[in-house]
Amino acid sequence: MTRLAWHDIPGPVRAQIEDVLGGRVVEAVSQSGGFSPGSADRVVTADGRRAFVKAASPAVNVDTPAIHRREAAITAKLPAAVPAPALLGAVDDGDWIALVLEDVEGRHPATPWQPRELEAVLDTLQLVAAVELPVDVPLVEVSDALAGDAAAWRAIDLDALPPMRGGLDTWVRTHFDGLVDAATRGAVDARGDRLVHYDTRADNLLIRQDGTVVLVDWPWGARGAGWFDALSLLINVRYYEPAADIERTISQHAVFDGMPADAATNVLAGFAGMFLSSSLRPDPPRMPTLRMFQRDQAIVTLDWLRTRWQR
C-alpha cells in the first residue's frame, strides 16, 4: 500500500490527536503492513506516552473512513476479556477520522506458520469465542456477510475467469452451481452468538514477548459460530505453506469442537466466492496490490476446497 505518513495528516487533525494523547507527538514510525492506504503510525509523545494512530479521509480512499468509524464503534465496546488494543480515543471532523489505540509491543507470527505459534493463536481464538458479549456491541451477523459472499458467486462472469494454476478456473466452471449452493449453506452453518473477528491473518495478530496473542484491526467484527475465526485463519496458514496439514489441525484442536461435518467446506466456498469476485474488480486508488492478494487468497481457498470436494 502507498500509505500516508504522520505529516500528511492535516495539522488541525494532528492537534486533536495530540489532545487525546495529552502531549505533543515527537516521533511517528509508519507501519507498512495491512491493506489500507490511510496512515498507520506508532507514535511517541514528548512525555514518553506511546500509541498507535490510524487516520484517513475520503480523498485518500472513499471506503476507509467508514471502515475506521466502524472499528472505533466496535473496539470501544469490546469486553475487557477480549485480547484487543484499547481505544484511547477517536478524532472525527466529518471528513478525517483518526483512531488512537493502545500501542501493543509485539510481533506478527512467523510465516510460514510455526506449530507452537499456531497453537497459541488457536487457543486465543477459543478464549475469544467463550467471552460473554454485551448486547450493545455493534456487530453484524456472520450469516449476513456470508450470504453476500454467496451472492458474489452469481456476479462472476465465468467466461472472464483468468487462467489459474492447476486448472482451478476449469474446476470452478465445472462445479459452479455446487459452489454457489455450498456458499449458501455456509451462511446458515456459521450462525451463532459468539464474537467473531472475521479477518484473522498473520498481519492482524501480534504475539507479545510473554507469548500472549492480541487481535488487532476490528472493523469487520461480527457475531457467529465460535469456530469461524479459526477456520478462516487456516486459509492464511495454507497461503504460506500449501503442504500444511490443516485437516489434522481441524480434527485435533478443541476450537473446532461442534463444527458440523460439512460446515468447513461450505464456509470456504463463501470465502472463495468473495475473494474471486473481488479480485476481478479494478484496482482501488492507492491500493495496487489488493486485487493480487485477493486473487492469491481465492486460489489458496479454491485449492483447499477442491481437495475437500474429492474426499
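In this simple spin-label approximation, Asp144 and Arg308 carry label points 7 Å from Cα along the Cα→Cβ vector, and these lie 2.4 nm apart.
Modelled spin labels at Asp136 and Ala15, positioned 7 Å past Cα toward Cβ, are 3.2 nm from each other. In this simple spin-label approximation, His108 and Arg291 carry label points 7 Å from Cα along the Cα→Cβ vector, and these lie 2.3 nm apart. Structure remark: mean-square fluctuation, Gaussian network model of the chain, C-alpha springs under 10 Å; the largest value among Ala40, Ala120, Ala81 belongs to Ala81.
Taking a Cβ cut-off of under 14 Å around Met287, the surrounding Lys, Arg, Asp and Glu residues balance to a net charge of +3, with basic ones at +1 and acidic ones at -1.
Above 36 angstrom, tally the Cα pairs of the chain and express them as a % of all pairs, no decimals.
It works out to 18 percent of all Cα pairs.
Panel note: the C-alpha atoms of segment 6-101, placed on their principal axes, show extents of 36, 30, 25 Å (largest first). Taking 0.36 nm per residue of separation and subtracting the current Cα-Cα distance, fully stretching the chain between Asp257 and Asp203 would add 16.8 nm. Considering only Trp171, Trp220, Trp113, the mean-square fluctuation computed in a Gaussian network model of the chain, springs between alpha carbons under 10 angstrom, is largest for Trp171. Once you've got the GNM for the chain with C-alpha springs shorter than 10 Å, pick whichever of Asp229, Asp169, Asp210 has the biggest mean-square fluctuation. Between Asp229, Asp169, Asp210, it is Asp210 that shows the largest mean-square fluctuation.
Coordinate-derived values only; no laboratory data. Keep in mind that this is a model prediction, so the values were computed, not measured. Please note: Cβ atoms are built from the backbone with ideal geometry, for glycine as well, and neighbour counts cover all protein chains shown.
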